[in-house]
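Notes to accompany the following structure.
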Amino acid sequence: MSKKIPSPCIDVCKFRREGHCIGCSMTKAQKKLYKSIKKPEQQEAFLLMLTCQQAQMSRYTHWGPAYLKKLKKKKAKLADSLAQRLSEGENVGTKQTSRESGHG
């Protein structure tokens, strides 16, 4: 990836759930951190961490479709594996590999 990946913010920005935004689950510190990340690979790693956080907190099933819409509008792309998981509505943090489940 050579193009900057847009912020995970989906323009809700209401910090309630113990300091987490009800739209994207980021804290104010995480929003500031994302703005400082310049390399697309690191931005995707941040998105992976964020989806794991959302899965643990639950209540964020709306974020994936809203973020994909934002990416489409800005003509930005994610790594295929992450984009596929978001489009399928899966919480990346809850998906087990065959190795993790003991079947492989």
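Numbers below:
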read-out: Residue among 50, 33 that alone is among the aliphatic types (A, V, I, L, M), at negative phi and more than 11 Å from the chain's Cα centre (by Cα); value: 33
read-out: Qualifying residue in the range 83-104 (condition: loosely packed, with under 12 Cβ neighbours inside 10 Å, touching a Ser or Thr at 6+ places or on another chain (Cβ under 6 Å) and at pLDDT below 90); value: yes
read-out: Residues of the range 17-31 classified as part of a helix (DSSP H, G or I) and under 15 Å from residue 49 (Cα atoms), total; value: 3
read-out: Condition met for residue 68 (over 11 Å from the mean Cα position of the chain (by Cα) and under 19 Å from residue 5 (Cα atoms)); value: no
read-out: Number of positions in the range 53-77 that are modelled with pLDDT under 90 and at negative phi; value: 1
read-out: Given (1) surrounded by 13 or more Cβ atoms within 10 Å (Cβ to Cβ); (2) within 20 Å of residue 80 (Cα to Cα), index of the condition residue 26 fails; value: (2)
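Listed here are the residues, each with its yes/no results for (1) surrounded by 13 or more Cβ atoms within 10 Å (Cβ to Cβ); (2) farther than 15 Å from residue 85 by Cβ; (3) free of Cβ contacts under 8 Å to residues at least 60 places away in the same chain.
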{"residue": "36", "(1), (2), (3)": "no, yes, yes"}
{"residue": "44", "(1), (2), (3)": "yes, no, yes"}
{"residue": "47", "(1), (2), (3)": "yes, no, yes"}
{"residue": "53", "(1), (2), (3)": "yes, no, yes"}
{"residue": "57", "(1), (2), (3)": "yes, yes, yes"}
{"residue": "69", "(1), (2), (3)": "no, yes, yes"}
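The values are calculated or read from the model by the stated rules, or taken from the named source; none is laboratory data. In this text the structure is predicted, and so the values were computed from the model without any measurement. So basically every Cβ, Gly included, is an ideal-geometry build from the backbone, and we count neighbours across all protein chains shown.
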